Amino acid sequence: MSNVPSPGLRNQPKLRNVFRVAGILLVGIGLVMIVICFSALFSTMNADPLTDDSFGPPKRFFLGFIGMPVLAIGGWCLQAGFMGAAARYSAGETMPVVRDSAAYLTDGEGILGVGRTVDDAPSGRSGKTGPFCSRCGVRNDEGARFCDACGTALA
């Protein structure tokens, strides 16, 4: 095991759930405020100024100005809560395409190891046909018992 600390926060799963729940609540509250705002606006538009006593400025129109920032903050919380899942999904969708593209564009040689499909086989540059080292990955001669690069015993 490595002594490198985890890049995440100590209570990351708990914090992720807090962001998700808070985001859902804030988006819901923001949407309700905006609906109330618009219903108050449209109800005053239908009032007849001569016969209806409710004619005048909308009474709950200010809720729209509160609901919009609440909706935005809820969206940001949801983004923070679901960011890891979205990143894993997008990586799972895009990386096979990147690998195939790198293999196609470089004739199987790959770019920094991504998309490598050709083998350094007998017709390759090394001319070695033996096993690969399980420790360092170097291809060795056919009858080799130890790795040419690191000295590890070959199976």
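The values are calculated or read from the model by the stated rules, or taken from the named source; none is laboratory data. Nothing here was measured: the structure is a model prediction, and the numbers come from that model. Note that we place each Cβ from the backbone using ideal geometry, even for glycine, and neighbour counts take in every protein chain shown. We work out accessible area using only protein heavy atoms, side chains counted, and drop any ligands, DNA or RNA first. Shrake-Rupley method; radii C 1.70, N 1.55, O 1.52, S 1.80 Å.
Things worth noting here:
- Available extension along the chain between residue 106 and residue 10 is 30.3 nm, counting 0.36 nm per residue and deducting the alpha carbon span.
- Accessible heavy-atom area order of 104, 89, highest first, probe of 1.4 Å: 104, 89
- The range 135-155 residues near the modelled residue 129 label - backbone nitrogen below 16 Å, point 7 Å along Cα→Cβ: 139-144
- Summed side-chain charge close to residue 85 - residues other than residue 85 whose Cβ falls under 12 Å, Lys, Arg +1, Asp, Glu -1: +3
- Each label was represented as a point 7 Å from its Cα along the Cα-to-Cβ direction; for residue 39 and residue 97 these points are 4.3 nm apart.
- Multiplying the residue separation of residue 152 and residue 86 by 0.36 nm and subtracting their alpha-carbon distance yields 19.6 nm.
- Per-peptide average of other Cβ atoms within 10 Å, ordering 141-148, 24-31 highest first: 24-31, 141-148
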